Amino acid sequence: MLVELFTSQGCSSCPPADKFAGELIQDPRLIVLSFNVDYWDYLGWRDTLAKPEFSQRQYDYARSRGDGKVYTPQMVINGADHVVGSNKVGVLAKIKEARNLPAHLTLTMTEKEITAEVAQFMPIGEATLWLMAVEKEARQEIARGENAGKVITYHNVVCNMVPAAMWKGEALKASWLRSAVMPSDAKFCVAVLQSDKTGPVLGIARS
């Protein structure tokens, strides 16, 4: 099950959610990822982990759901439901309600290559296979903005995201150069297969 936290170093409401993400990663049923967004940078602190494509992913989710709701901290469960990331009761309830993922997906990584394999599945329209490079932990001292003076630890921080392949239900096996996906500070890779571009998650695996 995939839990995505959209967070920002410039958001005063986010530190409790960042801490909660560190608790959730202890659950072996979950793959928890943190995406730092850049749209709060104007408040006085430029987020050192943010990228425009992470903000765009959050906007794409809002468009796919049709509710237009973009905020921080926001947790998205299996690409479908969303809830305030610091609302522990709400997040755990959404995790409990989430359905099992239908597609069988595996991911392996060697020193040179990353290989993803998807089993054949009933056609459901087009889906995107994302490869996400993840840094296990990042600590940041924040000098300005709403969190000035705080040192915040971010968990399972996405540092690169690649739309690696399209999938229409057929059996798929493909490989990519590790160097094309994984920055030097990334510790592991996560593959996410989801309907369309940012629709419901169909399968997930980590290296």
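The values are calculated or read from the model by the stated rules, or taken from the named source; none is laboratory data. Remember, it's a predicted structure, so these values are computed and weren't measured experimentally. In this analysis, Cβ positions are derived from the backbone assuming ideal geometry, glycine residues included, and neighbour counts consider all displayed protein chains.
Numerical summary
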quantity: Total residues in the stretch 4-23, condition under 15 Å from the mean Cα position of the chain (by Cα) and either closer than 11 Å to Asn156 by Cα or in a loop (DSSP other than H, G, I, E, B) (or both); calculated: 6
quantity: Residue, farthest from Val162 (Cα to Cα), within the stretch 103-139, restricted to residues that are in contact with a His (Cβ under 9 Å, 6 or more places away or on another chain) and acidic (Asp, Glu); calculated: Glu137
quantity: Qualifying residue in the stretch 56-65 (condition: under 17 Å from Val190 (Cβ atoms), among the aromatic types (Phe, Trp, Tyr) and either modelled with pLDDT under 95 or not in a helix (DSSP H, G or I) (or both)); calculated: no
quantity: Residue pairs meeting the criteria (Cβ under 7 Å; at least 6 apart or on separate chains; first free of Cβ contacts under 8 Å to residues at least 24 places away in the same chain and surrounded by 19 or more Cβ atoms within 10 Å (Cβ to Cβ), in the stretch 82-100; second of a type in the set (D, E, K, R) and assigned to a loop (DSSP other than H, G, I, E, B)); calculated: His82/Lys69
quantity: Tally of residues being over 15 Å from the mean Cα position of the chain (by Cα) and within 12 Å of Glu126 (Cα to Cα) across the stretch 173-194; calculated: 0
quantity: Residue list for the stretch 166-207, filter: part of a loop (DSSP other than H, G, I, E, B), small (Gly, Ala, Ser) and under 24 Å from Pro28 (Cβ atoms); calculated: Ala186, Ser207
quantity: Number of positions in the stretch 80-104 that are within 17 Å of the chain's Cα centre (by Cα), within 21 Å of Gln194 (Cα to Cα) and at pLDDT 90 or above; calculated: 7
quantity: Counted residues, the stretch 116-156 - those being assigned to a strand (DSSP E or B), in contact (Cβ under 8 Å) with a residue 60 or more places away in the chain and either small (Gly, Ala, Ser) or over 24 Å from Gly199 (Cβ atoms) (or both); calculated: 8
quantity: Residue identified as more than 13 Å from the chain's Cα centre (by Cα), more than 18 Å from Gly199 (Cα to Cα) and among the small types (Gly, Ala, Ser) among Gly66, Gly44; calculated: Gly44
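The rows are residues; the columns are (1) of a type outside the set (A, V, I, L, M, F, W, C); (2) buried (at least 17 other Cβ atoms within 10 Å of the Cβ); (3) touching a Pro at 6+ places or on another chain (Cβ under 7 Å).
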| position | (1), (2), (3) |
| --- | --- |
| Gly145 | yes, yes, no |
| Met166 | no, no, no |
| Asp196 | yes, no, no |
| Ser207 | yes, yes, no |
